[in-house]
Amino acid sequence: MSSITKSVETLLKKYKVTHPPVRVEDIAEGENVDVVFVAFEGGASDRIHGFYDHDEKKIYVNAADSAEEKQYTIAHELGHHVLHAEYAASEGYVPRLKHEVDTVQEREADDFATRLLVPSSFAPMYADLFSDREMQEMFLVTSDMLKVAKKTF
């Protein structure tokens, strides 16, 4: 079992998550990370989904994004908090942009977010009973997010 999977399962167990949707904002707050929804200015809203401020222990989320993107951004940035404290505090840290940034840390945060939002511990049961569209609504994820998640179980 990977360290990412272990970290996710630890959080799911700690917060007694047994059914969708996973309340990632509540998990972040429980981990002493504040979630702040902001209106980015000057075109930044078109470029940034959000970012994690390591020093302030805050996740800033683009208020203009869809509910699914907000949920994913919180989960992704929480992944940086859990997995990448040094990276998140460094000059090299990259916000969650609306175009892909391909680094090890970003791929790991994406994997963390996917596994947290659509947990392999109970999501397969839903996949047997519901259509993909119904699962997207239940888990509050996009079709692309669900496709990636289904590869983990």
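The values are calculated or read from the model by the stated rules, or taken from the named source; none is laboratory data. Computed from a prediction, not measured in an experiment: that's the story for all the values here. Because the Cβ atoms are built from the backbone with ideal geometry, glycine has one as well, and the counts that use them run over all protein chains shown.
Would you mind stating whether residue 26 is surrounded by fewer than 16 Cβ atoms within 10 Å (Cβ to Cβ) and under 16 Å from residue 119 (Cβ atoms)?
When the stated conditions are applied, residue 26 passes them.
Restricting to segment 49-80, name every residue that is out of contact with any Asp or Glu (no Cβ under 8 Å at 6 or more places or on another chain) and charged (D, E, K, R).
Of everything in segment 49-80, those that are out of contact with any Asp or Glu (no Cβ under 8 Å at 6 or more places or on another chain) and charged (D, E, K, R) turn out to be 53, 55, 65, 68, 69, 70, 77.
Of 33, 17, 24, which residue is over 25 Å from residue 136 (Cβ atoms) and either touching a residue at least 12 places away in the same chain (Cβ under 8 Å) or not charged (D, E, K, R) (or both)?
Only one candidate passes the filter, namely 33.
Please tell me if residue 40 is surrounded by 17 or more Cβ atoms within 10 Å (Cβ to Cβ), under 21 Å from residue 105 (Cα atoms) and out of contact with any Gly (no Cβ under 7 Å at 6 or more places or on another chain).
no
In segment 38-67, which residues are at positive phi and touching a Phe, Trp or Tyr at 6+ places or on another chain (Cβ under 6 Å)?
50
Which ones in segment 10-61 are within 18 Å of residue 123 (Cβ to Cβ) and either modelled with pLDDT under 90 or of a type in the set (S, T, N, Q) (or both)?
Answer for segment 10-61, where residues must be within 18 Å of residue 123 (Cβ to Cβ) and either modelled with pLDDT under 90 or of a type in the set (S, T, N, Q) (or both): 10, 18.
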